[in-house]
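The next block holds one structure in the form of structure tokens; read it before the comments.
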Amino acid sequence: MRTREQILNHLIYRQFQKALTEYSMLADGDRILIGLSGGKDSLCLLDMLSRRQRIFKPQIEVEAVHVRMKNIHYESDTSYLKRFANEHGVKLHIVTTEFRETEKTDKPACFLCSWHRRKSLFRFAQEANFNKIALGHHMDDIIHTTMLNQFYQGSFSTMPAVMQMKKMPLTIIRPLCLAKESDIKEYAELCGYEKQIKNCPYETLSNRTDMRRVFEEIERINPEARYSIWHALEKEGKLIAKSNSSFGA
């Protein structure tokens, strides 16, 4: 009889493979850079892509980068991340960046921190000749973003599963887009993924936590709600896109 860890491993990898196929995420010769934050989702993504790297066709090359913010107390155990990546046969790069809170802007600090991390990620990817960036967003992340955009921006849009950048030779892929957060969380716990030291001073300023609670209540009322939202996103062509932005969605 298979263990719960084996069942989840098979389930998530099957969803991962389905996403790669349905949204045509891979091509022969791809050099893929994983944005490794150190959270459960990006660790799971590295786990899955490292396995996919061993399959001959299409042949891909996978590396990872962890971006540290110098002036924000948001710590990661980089020794663990290096060990985890090494155990999975993936080279890990560490990049450090920063931003000044004193700069005059109407953007919240949380946005600025995320923007500068993304800027460093994209710059490194181009300098190291990667053509794709893989991010660990799962189905829940994409649905929460859809709801945030509707309720706060008046727009039916989201983080696409695949986004081709127009201003740079890069494509963003989200291979865990068909996986549920609860499955990834349980799998990470069973696998013994180490939790990172997380002391982000801006974490409570985000609307995403509120939206998570709203969606949990929606799912309580209708357990099939996530699939209805996902179908609507596919029907409207929101899961494959091109971006005019410098750093994507």
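Averaging the sequence gap over all C-alpha pairs within less than 8 Å and six or more residues apart, then dividing by the number of residues, gives the range 13-68 a relative contact order of 44 percent. Here GLN150 and ALA27 are evaluated by their C-beta separation; at R0 = 25 Å the FRET efficiency comes out at 0.15. Each label was represented as a point 7 Å from its Cα along the Cα-to-Cβ direction; for SER79 and GLU5 these points are 2.3 nm apart.
Neighbour counting of Cβ atoms within 10 Å sorts the residues ILE133, ILE94, fewest neighbours leading, into ILE94, ILE133. The rule of thumb for compact globular proteins, 2.2 N^0.38 Å, goes into the C-alpha radius of gyration of the range 1-92 1.19 times. In this structure the amide hydrogen of ILE34, modeled in the peptide plane, comes within under 5 Å of the amide hydrogens of GLU63, ALA64, VAL65, ALA134, none closer than 5 places in sequence on its chain. Close amide H partners of LEU170, meaning residues 5 or more places away or on another chain with modelled amide H under 5 Å apart, are MET165. Only beta bridges with both residues in the chain are counted; by DSSP, about 10 percent of them are antiparallel. Pairs exceeding 29 Å between alpha-carbon atoms, taken from LYS70/LYS238; LYS119/LYS242; LYS70/LYS242; LYS82/LYS166; LYS119/LYS235: LYS70/LYS238; LYS70/LYS242; LYS82/LYS166; LYS119/LYS235. When only Cα pairs below 8 angstrom with a gap of at least 6 residues are kept, the chain shows a relative contact order of 25 percent. Sorted fewest first by neighbouring Cβ atoms within 10 angstrom, HIS93, HIS116 come out as HIS93, HIS116.
Every number here is computed from the coordinates shown, using simple stated rules; none is lab data. Worth saying up front: this structure is predicted, and the values here are computed from it rather than measured. Neighbour counts run over all protein chains shown; Cβ positions are idealised from the backbone, glycine included.
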